[in-house]
Amino acid sequence: MDDIVHQAMAKWPNVPDCYGWLGLDTRGNWYLRDDQAQAAGTFASGLPGSKGSLLQHDKLIDFIGRNYSADSLGRWFFQNGPQRVFVELQMAPLVWRVQADFSVKDHIGRDASVQTCWLDEQGHLFLQTDSGFGLVHTQDMGLAADAVDRGLWLPQDVLSQQVPERFGFVLSPMAMQNV
């Protein structure tokens with residue numbers, strides 16, 4: 001986490017958390033979700049306008065990545081200075097990019113070591129790594145298939161509806177607030 005974020009947290013310790021305003025899709029893209037996007041539906045719903053606006057500012061994306069983490073309840077967030085901005089996840093908290101040598105990097109660019117591989121009934125491939133759980137990017141499924149063919153990754157079956165609970169993350173922290 002950035003030093004400036006730690007300093008802001010110490011200076012303003014009681015800033016309320018923020019829900020519903022930031023989303024992460026299955027390709028590792030960040031979306032800003034204003035009131036209109038939130039009113040259109042949940043981030044993962046696929047309803048027109050519910051995703052919000054794609055973030056394209058490189059420095060902002062890098063800042064979010066450096067300050068992206070999870071709490072003890074499995075809710076992923078971006079620590080924006082003193083404010084914790086909980087992230088709505090389309091499918092998983094990390095999106096893996098497979099490299100030519102079968103190593104992986106998350107959507108933020110951090111290296112990881114694959115520990116286990118999981119395949120759901122819809123054909124989504126997930127990896128548990130030393131730095132967390134995530135979805136393999138659709139553009140990298142050819143390389144992932146090669147890793148499986150070579151015996152580097154041995155996919156285990158998992159039901160898509162069981163993925164968040166089994167791997168300890170929350171798709172929609174905002175929905176937890178409405179319970």
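The values are calculated or read from the model by the stated rules, or taken from the named source; none is laboratory data. Quick caveat: nothing in here was measured; it's all calculated off a predicted structure. All Cβ positions, even for glycine, are placed from backbone atoms using ideal geometry, and neighbour counts span all protein chains on display.
Annotations for the structure displayed:
- Selected residue (only one of 140, 120 is acidic (Asp, Glu) and more than 21 Å from residue 88 (Cα to Cα)): 140
- Residues satisfying the criterion are present in segment 46-68 (criterion: hydrophobic (A, V, I, L, M, F, W, C), in contact with a helix residue (DSSP H, G or I) (Cβ under 6 Å, 6 or more places away or on another chain) and closer than 16 Å to residue 174 by Cβ).
- Of the strands (runs of 3 or more DSSP E) lying entirely inside segment 78-130, those carrying at least 2 residues that are in contact with a Ser or Thr (Cβ under 9 Å, 6 or more places away or on another chain) and buried (at least 17 other Cβ atoms within 10 Å of the Cβ) are 83-89, 94-98, 104-106, 125-129.
- A search for C-beta distances below 7 Å between a residue of segment 153-179 that is without any contact (Cβ under 8 Å) to a residue 40 or more places away in the chain and of a type in the set (Asp, Glu) and any residue that is part of a helix (DSSP H, G or I) and crowded, with 18+ Cβ neighbours inside 10 Å, counting only pairs 6+ apart in sequence or on different chains, returns nothing.
- Hits in segment 26-69 (condition: surrounded by fewer than 19 Cβ atoms within 10 Å (Cβ to Cβ), under 16 Å from the mean Cα position of the chain (by Cα), under 20 Å from residue 160 (Cβ atoms) and not polar (S, T, N, Q)): 27, 44
- Among the residues listed as 111, 157, the single one being closer than 22 Å to residue 78 by Cα and not assigned by TED's automatic domain parsing to the domain that holds residue 27: 111
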